[in-house]
Structure formats: structure tokens, C-alpha cells
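Structure record follows, encoded as C-alpha cells.
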Amino acid sequence: MKSKVVGILETRSGEHLGELIARRGGIPMLAPALEEVADVDSQAVAALLAGWRINPFKVVIFQTGVGTRALFRATDAAGSTAELLRHLRSSTVVVRGPKPVGELNAREVRIDIRAATPFTTDTVLAAVSAISMQGARVLVQRYGAANQQLRESLEGRGAQVEEIATYRWALPADTQPLAALLAALARSGIDAVVFTSAVQIHNLYAVAEKSGGSTELASQLSRVVVGSIGPVCSRALREHGITPSFEANPPKLGPLIAALEEALSAESRH
């Protein structure tokens, strides 16, 4: 990928991703597309625990590491972590991917079920398919947006689903890097863009809309290599009329970089 300009929309591990690309001779262009804003309502957490005492949750689903950590920080601040841990011991604890595992291990929480790779809503639903949901109360640790598919599928099986919000996704305070990325795409000054979450695509479009460039974005991206971290991300790209050039398998940074290098090499040969 020598001298190839690669747009990176990742926030948390964006710099690390940039280093991996630079090591291979590429030129990373960092344009963080989202900010995780803590959004834990202490009253909502108190109400959650009060309801749990009366009507326990049969299943608790942890979807993200950052959200799991935020929930425990909220109970730490309220002095109610011991109660949360006690309730979890009586519930079936389900994790979507490896990130919540570390947070739960740190709190010595027993994990009963782990969703299979690529850690999507579909694999979570498959993981809990053997559990009877009729009349069961299910708590979902919400990520940056509501997971409608998870809620509707569980409710369709007879569950009563409650979500606890721990953070929300927002546009970064500084959208200049995203505007610079869009300008580079418009003048064909970029060779590839890698997407590591579905929300990055929606936020990129939101910024493009403000500058009146959203109608051209799909055709501009069709002229470059578009990398996707996994199936959820690929689905969001296709919803916007963008066909990913490749999808990392498994959905991790190492395979993403390897596939990017291969795709850019193939482009150079043509």
C-alpha cells in the first residue's frame, strides 16, 4: 500500500490503525466519525435496581465493553455495585463480544453465554435461542443506539425487554477532519476508506449532507477501495448504496489491514 492514502473513521483505535497502515507504507488520513458520550442516568439505574428486587431479570445481555464499564461506574458512584453483582449471580449473563468479557471478569461476574464470532445481533439471538423467553424479563445493556432487531426478536418470543442506556453516539465536536476527508474524496485524493462501525457511515453522511455533498458520496466511494470490519458495517454501507470492496474475516483489525493491503495491491496491478 506504498504511498496510498487511506481514510480512517475509527475513533478509539484510530491512531493504532493509522500506525499499522503507515508501517506498510500507506498514508493514514484520520477523520474520527463519532464520539462516545457517557449517558448514564443515575435515577434510571436506581429505578432499574428497585424493579430488579421485585421482578428479577432472567437474562442480562451485555453488548459493549465501554457500556458495561459505564454501568458499573454509575453503580460505584451510587454505592449499589454490590447489589448489582448479587442480582447478576441469579441471572443468565450473556455477552455479545470479547470487550464486555474483560469488564465483567474485572468484577468477577460469571459469564454463562458468549455469542459466536462475528459478534452480531444475529449471533446473540442464536446464542440465546435455547432459553425459554415466554414471560421472561430480559435486560439489555444498550450501546450507542437502540438495538431494534434484538428487542423485537426477543419480544417476538414472549420476552419483556428493558434497556439501560449507558452512553450514546454523537458526532465529534470537531468535524473538520471529516470535512477534509469528504473534500479529498471529491477531488479523488484518496485511495481507500476503512469503516469499523455502522454509525461511522451514518455520521459521514450527516456531515456530507450539511455541505450538500451527500448525493455524490456513494459514487465517490465506489471509485476507491472500501473496507468493512464486518457484516453489520457492510449492511449499513449497502443501505447507502455502497458495495464494500472487502469485509474483514474475522472482524478484527489484523484481518482488516491484511485485506486492505491485498485490495490495494490488486488495484495497483490493474
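Descriptive notes on the structure:
- Matching entry among Glu239, Glu267, Glu247 (being charged (D, E, K, R) and in contact with a Gly (Cβ under 8 Å, 6 or more places away or on another chain)): Glu247
- All conditions in (1) surrounded by fewer than 17 Cβ atoms within 10 Å (Cβ to Cβ); (2) at pLDDT 95 or above; (3) in a helix (DSSP H, G or I) hold for Leu84, with the sole exception of (1).
- Residue within the range 254-265 that is touching a strand residue (DSSP E or B) at 6+ places or on another chain (Cβ under 9 Å), closer than 22 Å to Glu19 by Cα and not in a helix (DSSP H, G or I) present: no
- Candidate set: the range 176-214, residues that are touching an Asp or Glu at 6+ places or on another chain (Cβ under 9 Å) and of a type in the set (Ser, Thr, Tyr); chosen: the one nearest to Glu262 (Cα to Cα): Thr196
- Residue count for the range 40-50 under the criterion of being free of Cβ contacts under 8 Å to residues at least 60 places away in the same chain and not hydrophobic (A, V, I, L, M, F, W, C): the result is 2.
- Considering only residues in the range 103-131 that are modelled with pLDDT of 95 or more and small (Gly, Ala, Ser), the one that is surrounded by the most Cβ atoms within 10 Å (Cβ to Cβ) turns out to be Ala115.
For every residue, the table says whether it meets (1) closer than 16 Å to Ile164 by Cβ; (2) in the same structural domain as Val199 (by TED's automatic domain parsing); (3) touching a residue at least 12 places away in the same chain (Cβ under 8 Å).
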site: Val59; (1), (2), (3): yes, no, yes
site: Phe62; (1), (2), (3): yes, no, yes
site: Gly67; (1), (2), (3): yes, no, yes
site: Thr75; (1), (2), (3): yes, no, yes
site: Leu84; (1), (2), (3): yes, no, yes
site: Val93; (1), (2), (3): yes, no, yes
site: Ile131; (1), (2), (3): no, no, yes
site: Arg142; (1), (2), (3): yes, no, yes
site: Glu152; (1), (2), (3): no, no, no
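- Unmet criterion (only one of (1) in a strand (DSSP E or B); (2) hydrophobic (A, V, I, L, M, F, W, C); (3) farther than 19 Å from Arg157 by Cβ) for Trp52: (1)
Every residue, every condition in (1) among the hydrophobic types (A, V, I, L, M, F, W, C); (2) closer than 27 Å to Glu35 by Cβ, yes or no:
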| residue | (1), (2) |
| --- | --- |
| Thr68 | no, yes |
| Thr92 | no, no |
| Val95 | yes, yes |
| Ile111 | yes, no |
| Arg114 | no, no |
| Ala126 | yes, no |
| Ala130 | yes, no |
| Val138 | yes, no |
| Ser153 | no, no |
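- Matching residues, the range 180-207, being without any contact (Cβ under 8 Å) to a residue 12 or more places away in the chain and either within 17 Å of Leu17 (Cβ to Cβ) or surrounded by 22 or more Cβ atoms within 10 Å (Cβ to Cβ) (or both): none
- Val199 being modelled with pLDDT under 95 and not in a loop (DSSP other than H, G, I, E, B): yes
- Applying the condition of being in contact with a helix residue (DSSP H, G or I) (Cβ under 9 Å, 6 or more places away or on another chain) and either assigned to a helix (DSSP H, G or I) or surrounded by fewer than 18 Cβ atoms within 10 Å (Cβ to Cβ) (or both) to the range 219-231 and asking which residue is modelled with the lowest pLDDT yields Pro231.
- Entry remark, the range 232-246: residues being under 15 Å from the mean Cα position of the chain (by Cα) and surrounded by 16 or more Cβ atoms within 10 Å (Cβ to Cβ) number 5 in total.
- Asp39 surrounded by fewer than 21 Cβ atoms within 10 Å (Cβ to Cβ) and under 17 Å from the mean Cα position of the chain (by Cα): yes
The values are calculated or read from the model by the stated rules, or taken from the named source; none is laboratory data. Keep in mind that what you see is a predicted model, and the values were worked out from it rather than measured. Every residue, glycine among them, receives a Cβ derived from its backbone with ideal geometry; neighbour counts consider all protein chains shown.
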